[in-house]
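Participant: One structure follows; several queries about it will come next.
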């Protein structure tokens, strides 16, 4: 058979027409005629009837002088339409290589039905492909095998057969040659760590292999063309090299140039590694079409996914800064300076058409709740992402199931007031925006063995691993500003206030409670956007803020104390129980603490995600429910003074969050148990703070009283004589006079500012006057003109009555005369508890 085609395409058509006639003239081979050739027998059993033929005559072709001889077996090669385009000639039980005649370059050994809807799996080895087919035969999958051993013939086959069909090429993660060969082909690479045939023999189904975490499905066509740039000294502007492109493989992003001198054997002229695989998912911009950026995704060496919406402005400054962020999140970047610069071009010029709305704040955005790596909630017609100059290593993480966290950890703690309160705090941050509240904090006070950190970490388990989610006071206020911003509309736990700087803690508390960071300017002098937030923060420490700040010579005022409400860690149930109200998980307090630790390290993060799903389903309904619950709670505390009322509302929001999480079947508590626990903690705060009057008033009176008690005999000159008596000590650093007849203390107008500090003098005078502790003859100045025996004229002073020394600041007591109110739930089944045996009462316990 002789053909004289003029070009490749004409040659293929002419060959196919004559070759089909010749192939159809042969008889079908029989199983017995295969002479026990294992490969041919496998093919005979798998292929459609009459696919194997006995060659009875010598066959000569002008194509590479291939001469199959009589006595061989021919296997038809077909194209996607079923037409014969070539053949493979086997000599049974011979070591001679099969002879392949396939001028088209895209014929295939086909196993399975030629159905266009079928997925096609391609192999380059016959025995390997047959074995795989026998492991996973499926009428919805067609197997094709390249009969030729050259890489280019396999690529041509894949290119042809992938047209119009889903085609998959299995390969292992270290098979870089194959994935590079097929770059740009309309097919997908199934990349597995172990060989797919090994996994099939281990009884792993194809579906299970596809779904495995370590499996990667790479779209081979998704490699974009990009230019390489250079500086042209004449034009002083970039020029394009048309022979370079970026190619993204499973093992990295590369810049590649091809050698096109030999179209039949394309090779790399240049291939430079840039970084591990990174994808550009979308172009980002804010609502006013500013702050453009790119949404990036990649995986670190532990296969953990990372997402960052990176501002494009970072590419116009020191590019090292954005690369540092990527590297710190696990992206492996080349150390070659020139190749590193390719990453800038890849990110900026990636031809992506998808758009995403970027926001500069986590938490609520309309109906959606924005997280560092995504958004939860309905409504948006477009993707909304958080964009920051720094990639956030989110501490939100999940382990275990909601049922496990709820039933094993949260539900058994329903009787523990401090634990229920702390866990409810973890849900409360999301309600701040809905209720238009500024947020604030709570501070649990107790000794190092009380169990404060235990309740803090139990609360942190709502959102993530307690050790990672709990932050420390051992930070500058600048660092805490960034942390608070990342916790906007959420919960911030802060462990052990004694680790902080006592001189700065007051300023930090104001910052956290006010929800506003420092104002800063750019290098050009323009103001940066100030960070803002609304959070519920929960702190703990061995000392109150007042005592801690006093050690550094700092004084607390009412502003600080209403931003952070103090709660005693001791639940008052006995030395062994300490922060516990009862024993429910073990026989001793220490054992119960150990059990709680075990549980919150085992299950975490799932409750927070369930909570977000619940409250974002219908934000309007969530808001209405929260408002009603807060109003119901506050109706029980209608007699509070304004400052106390403000703090009580924060407690009410915590109670509402706990009840709503219970309604959503997240906590496992009964209705009302969260409210009971929060009321117990609120009453504890009121016992220390006071229900009636302003706390700052009592602080001021106590401040002046303490000054008189401390300096009454050393800085006040007796005003009964004109000169010092021999028995009287000389007064130095005098602040005023003491009238022994009336008992009044006269403060000179020039020194009273010093005495009042840190309080405002006008406020102090107002408080003393309203309390009836000031003798006033000049009402406009709150001063009194008094006669001093050693002065001719009457002297203007601030005259504080002696009554201040017996003045008592009232504190509220419980209804039974004890500190606090005993709240009990009506109609609730109590959680079973393990009562402490009498013989164990008073025994020492370990630190927990």
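Participant: Binning at 10 Å from 0, report for segment 616-713 what percent of all alpha-carbon pair distances ends up in each bin.
Facilitator: Per 10 Å bin, starting at zero, the Cα-Cα P(r) for segment 616-713 comes out as 14, 36, 24, 14, 8, 4, 1 percent.
Participant: Can you check how the C-alpha radius of gyration of segment 271-393 compares to 2.2 N^0.38 Å, as a plain ratio? Working shown, then result.
Facilitator: On the way: Rg = 14.5 Å, N = 123, 2.2 N^0.38 = 13.7 Å.
Working it through for segment 271-393, the quotient is 1.06.
Participant: For residue 435 and residue 299, what is the calculated FRET efficiency with R₀ set at 41 Å and r taken between the beta-carbons, to the nearest 0.05?
Facilitator: 0.55
Participant: Taking the simple approach of a point 7 Å from Cα along Cα-to-Cβ for both residue 802 and residue 287, what is their distance in nm?
Facilitator: 6.7 nm
Participant: So, R0 is 51 Å and r is the distance between the beta-carbons of residue 740 and residue 499; what FRET efficiency does that work out to, to 0.05? Display every interim value, and only then the final one.
Facilitator: On the way: r = 49 Å, r/R0 = 0.97.
After rounding to 0.05, the efficiency reads 0.55.
Participant: Which order results if 455, 165, 422, 153 are arranged by neighbouring Cβ count within 10 Å, fewest first?
Facilitator: Listing 455, 165, 422, 153 from fewest to most nearby Cβ atoms yields 165, 153, 455, 422.
Participant: Where the centre of each part is set by its Cα atoms, how far does segment 735-799 sit from segment 84-142, in angstrom?
Facilitator: First find each Cα centre; the distance between them is then 106 Å.
Participant: Still on this structure: Output the Cα-based Rg and Dmax of segment 94-192 in Å, rounding Rg to one decimal and Dmax to a whole number.
Facilitator: Looking at segment 94-192, its Cα Rg and Dmax stand at 13.0, 38 Å.
Participant: Take the Cα pairs of segment 388-511, get the Kirkwood Rh, then feed it into Stokes-Einstein at 25 °C and 0.890 mPa s and tell me D in µm²/s.
Facilitator: Values: Rh = 15.7 Å.
Here the translational diffusion coefficient equals 156 µm²/s.
Participant: Mind jotting down a quarter of the surface of the convex hull over the alpha carbons of segment 72-119, in square nanometres, one decimal?
Facilitator: Working: hull surface 16.0 nm².
Answer in nm², one decimal: 4.0.
Participant: Let me ask you something else. Take segment 8-218, drop everything but the C-alpha atoms, weight them equally and run the Debye formula without solvent; then report log10 I(q)/I(0) at 0.09 Å⁻¹ to two decimals.
Facilitator: Log10 of I(q)/I(0), two decimals: -0.36.
Participant: For 452, 763, which order do you get if you count the other beta carbons within 10 Å of each Cβ and list the fewest first?
Facilitator: Details: 452 27, 763 14.
Result, fewest neighbours first: 763, 452.
Participant: Any idea what the alpha-carbon Rg over 2.2 N^0.38 Å comes to for segment 569-671? Numbers along the way, then the final one.
Facilitator: Values: Rg = 17.2 Å, N = 103, 2.2 N^0.38 = 12.8 Å.
So the Cα radius of gyration is 1.34 times the expected 2.2 N^0.38 Å.
Participant: Counting other C-beta atoms within 10 Å, which of 578, 245 has the fewest, and how do the rest follow?
Facilitator: Numbers: 578 24, 245 19.
So the residues, fewest neighbours to most, are 245, 578.
Participant: Extending each Cα 7 Å along its Cβ direction at residue 31 and residue 81, get the distance between those two points in nm, one decimal.
Facilitator: Using points 7 Å along Cα→Cβ, the separation is 3.5 nm.
Participant: Measure of size requested: the Rg and Dmax of segment 695-806, with Cα atoms as the atom set and Å as the unit; please supply both.
Facilitator: 13.6, 44
Participant: How many percent of Cα pairs in segment 402-689 exceed 22 Å? Write out the running numbers ahead of the final one.
Facilitator: On the way: 22910 of 41328 pairs.
Counting every Cα pair in segment 402-689, those more than 22 Å apart make up 55 percent.
Participant: Let me ask another. Pull up the DSSP beta bridges for segment 8-218 and report the antiparallel fraction as a percent, rounded to 5. All intermediate terms of the calculation are to be shown ahead of the outcome.
Facilitator: On the way: 21 of 33 bridges.
Given both bridge residues lie in segment 8-218, the antiparallel proportion sits at roughly 65 percent.
Participant: According to a simple spin-label model (label point 7 Å from Cα along Cα-to-Cβ), what is the distance in nm between residue 530 and residue 646?
Facilitator: Calculated label separation equals 1.7 nm.
Participant: Express in nm, to one decimal, how much length is gained between residue 663 and residue 202 on full extension, taking 0.36 nm for each residue of separation and deducting their alpha carbon distance.
Facilitator: Details: separation 461, 0.36 × 461 = 165.96 nm, distance 4.63 nm.
Gain on stretching residue 663 to residue 202: 161.3 nm.
Participant: How far, in nm, would the chain grow between residue 710 and residue 373 when pulled straight, counting 0.36 nm per residue and subtracting the alpha carbon separation? Write down the numbers at each step before the final one.
Facilitator: Details: separation 337, 0.36 × 337 = 121.32 nm, distance 5.79 nm.
Contour length minus Cα-Cα distance gives 115.5 nm.
FYI, it's all coordinate maths here, none of it is from the lab. Model, not experiment: these values are computed from the prediction. We place every Cβ from the backbone using ideal geometry, glycine too, and count neighbours over all the protein chains shown.
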